[in-house]
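J.: Once you've had a glance at the structure underneath, I'll fire off some questions.
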Amino acid sequence: MTAFDAPREVVRDAVARALAEDLGPLGDLTAALVPADAVARAAIVARAEGVIAGTACASEVFAQLDDTVTVHWLVDDGGNVGPGAKVGEVNGRLRSVLTGERTALNFLCHLSGVATATHWFVEAAGSAVRVLDTRKTLPGLRALEKAAVRAGGGTNHRGSLSDFVLLKDNHLAGVTIGDAVRRSRALWPGRAVEVECDRLEQVEEAIAARATMVLLDNMTPDEVCACVAVVRASQVPELLVEVSGGVTLENVRAYADAGADVVSTSVITQSAPALDLGFDIAAHTGVDRGAGGGE
């Protein structure tokens, strides 16, 4: 298991649900027309430049459909590809290969799209700042998408609401930042406490309360620079500064240059375009000898 892998049980569950959705009550009616002894070799080929992610899900699709089908990856998660690059190869019964094609590609194209979008942001931001994701993920696919973010060179923010305390404006209605931070420390000692701020005065309150992090929300690079200067001159200069809201490929470097420690964006998950990957099948009729098929 690598740093780019989602937990195995998450992969199994996501694939099982996807296959149940796609197969319906009667299974693949069209694939049943294919001769039962036909075997195939399929190549997964990149049609655009990008970063690969989701190979574990694609492999699991065929494992759950037919354990005699083999999948061999020529590019691992985190690997860069260009148009025409062969990413992997699938060998086995043609019926099984055809049935699993769309579900495998759905995972592979979407998660590779997340990894690719993350890579773009990491490259644009430069080495002085880390690029984080958010909780704005597709329901049920968060762990998979966060693994894809790691494959693209990004860093994960909270995986769930249980990870640490993040005090946003709605949480602070009717309570001061100082009181909220103290209450958080009392309830969850040892957990990080981050405070969302949309003006300098709130940053100063978070510093006074000794929060762990401040999230500068929808500020301009100049405003971020001013807030960073206040943090670094304070008694808690190690306090982490996160920038979020309105971050784009065009301005992420400006936020990095303003002194932020991390920049977070939902664009890399909820708005990532799928990476174009093809599934090219060469099939023939013959005796199926199990894994690997044959010529």
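J.: When you check GLY246 against the structure, is it out of contact with any helix residue (DSSP H, G or I) (no Cβ under 8 Å at 6 or more places or on another chain), open to solvent by 40 Å² or more (accessible area, probe 1.4 Å) and within 20 Å of THR134 (Cβ to Cβ), yes or no?
T.: Details: out of contact with any helix residue (DSSP H, G or I) (no Cβ under 8 Å at 6 or more places or on another chain): yes; open to solvent by 40 Å² or more (accessible area, probe 1.4 Å): yes; within 20 Å of THR134 (Cβ to Cβ): yes.
Yes: the conditions hold for GLY246.
J.: One residue is enough: does the range 7-26 have a residue meeting the conditions farther than 25 Å from ALA147 by Cα and open to solvent by less than 10 Å² (accessible area, probe 1.4 Å)? First the steps, then the outcome.
T.: Filtering the range 7-26 down to residues farther than 25 Å from ALA147 by Cα leaves 23-26.
Add one more test, that the residue is open to solvent by less than 10 Å² (accessible area, probe 1.4 Å), and what stays is none.
Within the range 7-26, not a single residue is farther than 25 Å from ALA147 by Cα and open to solvent by less than 10 Å² (accessible area, probe 1.4 Å).
J.: Can you pull out every residue in the range 49-70 that is touching a Gly at 6+ places or on another chain (Cβ under 8 Å), outside any helix (DSSP H, G or I) and more than 17 Å from LEU144 (Cβ to Cβ)?
T.: The initial filter retains those residues of the range 49-70 that are touching a Gly at 6+ places or on another chain (Cβ under 8 Å), namely 49-53, 55, 58, 61-62, 65-66, 68-70.
Next cut, outside any helix (DSSP H, G or I) only: 49-53, 66, 68-70.
If the condition is that a residue be touching a Gly at 6+ places or on another chain (Cβ under 8 Å), outside any helix (DSSP H, G or I) and more than 17 Å from LEU144 (Cβ to Cβ), then GLU49, ASP66, THR68, VAL69, THR70 are the ones that fit.
J.: What are the residue pairs meeting all of these: first residue in the range 246-257, first residue part of a loop (DSSP other than H, G, I, E, B), second residue β-branched (Val, Ile, Thr) and open to solvent by 70 Å² or more (accessible area, probe 1.4 Å), Cβ atoms under 9 Å, and 6 or more apart or on different chains?
T.: Partner pairs satisfying both residue conditions: none exist.
J.: Applying the selection to the range 110-137, what residues are under 18 Å from VAL81 (Cβ atoms) and either assigned to a loop (DSSP other than H, G, I, E, B) or open to solvent by 20 Å² or more (accessible area, probe 1.4 Å) (or both)? Spell out how you get there, then give the answer.
T.: Residues of the range 110-137 that are under 18 Å from VAL81 (Cβ atoms), as a first pass: 110-120, 122-123.
HIS110, HIS119, TRP120, VAL122, GLU123 - these are the residues of the range 110-137 that are under 18 Å from VAL81 (Cβ atoms) and either assigned to a loop (DSSP other than H, G, I, E, B) or open to solvent by 20 Å² or more (accessible area, probe 1.4 Å) (or both).
J.: Considering every residue within the range 207-217, establish whether at least one is in contact with a helix residue (DSSP H, G or I) (Cβ under 9 Å, 6 or more places away or on another chain) and assigned to a helix (DSSP H, G or I).
T.: Scanning the range 207-217, I find at least one residue that is in contact with a helix residue (DSSP H, G or I) (Cβ under 9 Å, 6 or more places away or on another chain) and assigned to a helix (DSSP H, G or I), so the answer is yes.
Condition check ((1) under 28 Å from GLY79 (Cα atoms); (2) of a type outside the set (Val, Ile, Thr)) across all residues:
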site: ASP179; (1), (2): no, yes
site: ARG185; (1), (2): no, yes
site: CYS197; (1), (2): no, yes
site: PRO221; (1), (2): no, yes
site: PRO237; (1), (2): no, yes
site: GLU250; (1), (2): yes, yes
site: ALA256; (1), (2): yes, yes
site: VAL262; (1), (2): yes, no
site: ALA272; (1), (2): yes, yes
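J.: Right, something else. For the range 27-48: of the residues being part of a strand (DSSP E or B) and open to solvent by 10 Å² or more (accessible area, probe 1.4 Å), which is farthest from PHE107 (Cα to Cα)? Let's see the steps before the verdict.
T.: Of all residues in the range 27-48, those part of a strand (DSSP E or B) come to 38-46.
Still in the running and open to solvent by 10 Å² or more (accessible area, probe 1.4 Å): 41, 43, 45.
Details: ARG41: 20, ALA43: 16, VAL45: 15 Å.
The selected residue is ARG41.
J.: Only residues in the range 73-87 that are more than 9 Å from ALA48 (Cα to Cα) and open to solvent by 90 Å² or more (accessible area, probe 1.4 Å) count as the first member; pair them with residues that are part of a strand (DSSP E or B) and modelled with pLDDT of 95 or more, Cβ under 8 angstrom, at least 6 apart or cross-chain, and list the lot.
T.: LEU74/LYS86; LEU74/VAL87; LEU74/GLY88; LEU74/GLU89; ASN80/GLY50; ASN80/VAL51
The values are calculated or read from the model by the stated rules, or taken from the named source; none is laboratory data. This structure is a prediction, so every number in the text was calculated from the model and none was measured. With ideal geometry, Cβ positions are generated from the backbone for all residues, glycine too; neighbour counts draw on all protein chains shown. Side chains included, ligands, DNA and RNA excluded: accessible areas come from the protein's heavy atoms. Shrake-Rupley method; radii C 1.70, N 1.55, O 1.52, S 1.80 Å.
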